[in-house]
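Following: one structure in structure tokens, then a few remarks.
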Amino acid sequence: MSRIRGKDTKPEMLMRRGLHGRGLRYRLHGKSIPGKPDIVFPKYRTVVFVHGCFWHGHGCSLFKWPKTRAAFWKNKINRNMERDREALSALKADGWRVLVVWECALKGRQRRDLAEVLDGAEAFIRGGGKPFAEIAEYESIEKRAS
Ligand SMILES: [Zn+2]
């Protein structure tokens with residue numbers, strides 16, 4: 001298949017391009033930073049993760065436990081979630097502020113407007129207040145019982 005679309009609409013690309021367009025300069029994939037965040041804003045000591053809802057076990061409209069190989073997936077996804085929790089506490093301990101943008105904020109039936117997501121992200125990054133925030137779809141359905 002040829003790649004006709006000139007525009008990458010993956011959530012991470014949308015965030016990178018949008019935040020750069022708002023004058024926020026970043027580094028990618030901070031390898032030496034806990035959890036290897038997708039986007040790093042050294043000036044604001046802030047990192048952004050753009051999490052795929054399936055891989056990170058988000059209790060949202062995009063997430064569904066697979067019916068086949070159920071034990072394998074449960075184990076894998078629970079491990080990912082455990083790693084996320086560890087990365088978050090390590091980042092907090094190192095004085096990083098953390099924003100998680102979930103895939104469902106930008107994709108799927110309950111997604112938000114891109115501008116709204118970028119507004120929220122920019123306000124968080126520049127704001128310097130709270131240590132943690134996340135942006136997800138509208139009306140996130142019940143968090144799944146784990
Ligand atoms: Zn989600």
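A few comments on the model shown:
- Along each principal axis, Cα extent of segment 26-135, largest first, Å: 45, 32, 22
- Links that overshoot a 20 Å alpha carbon limit, given the list Lys43/Lys130; Lys107/Lys130; Lys36/Lys92; Lys43/Lys92; Lys31/Lys74: Lys107/Lys130; Lys31/Lys74
- Exposure rule at most 12 other beta-carbon atoms within 10 Å, DSSP loop GluC sites (Glu not before Pro): the chain longest free segment: 1-138
- For segment 49-90 and segment 98-115, distance of Cα centres in Å: 17
- Here the dipole of segment 44-89 is about 200 debye; that uses its Cα centre as origin and unit charges on the Cβ of Lys and Arg (positive) and Asp and Glu (negative).
- Net charge, Arg126 excluded, C-beta distance under 14 Å - Lys, Arg +1, Asp, Glu -1: +4
- The charge dipole of the chain, taken about the Cα centre with unit charges on the Cβ atoms of Lys, Arg (+1) and Asp, Glu (-1), comes to about 500 debye, rounded to the nearest 20.
- For the chain, relative contact order (Cα pairs under 8 Å, six or more residues apart, normalised by length) works out to 24 percent.
No lab work stands behind these numbers, since they all come straight from the coordinates. These figures come from a predicted structure and were not determined experimentally. A quick note on method: Cβ atoms are made from the backbone with ideal geometry, for glycine too, and the neighbour counts reach across all protein chains shown.
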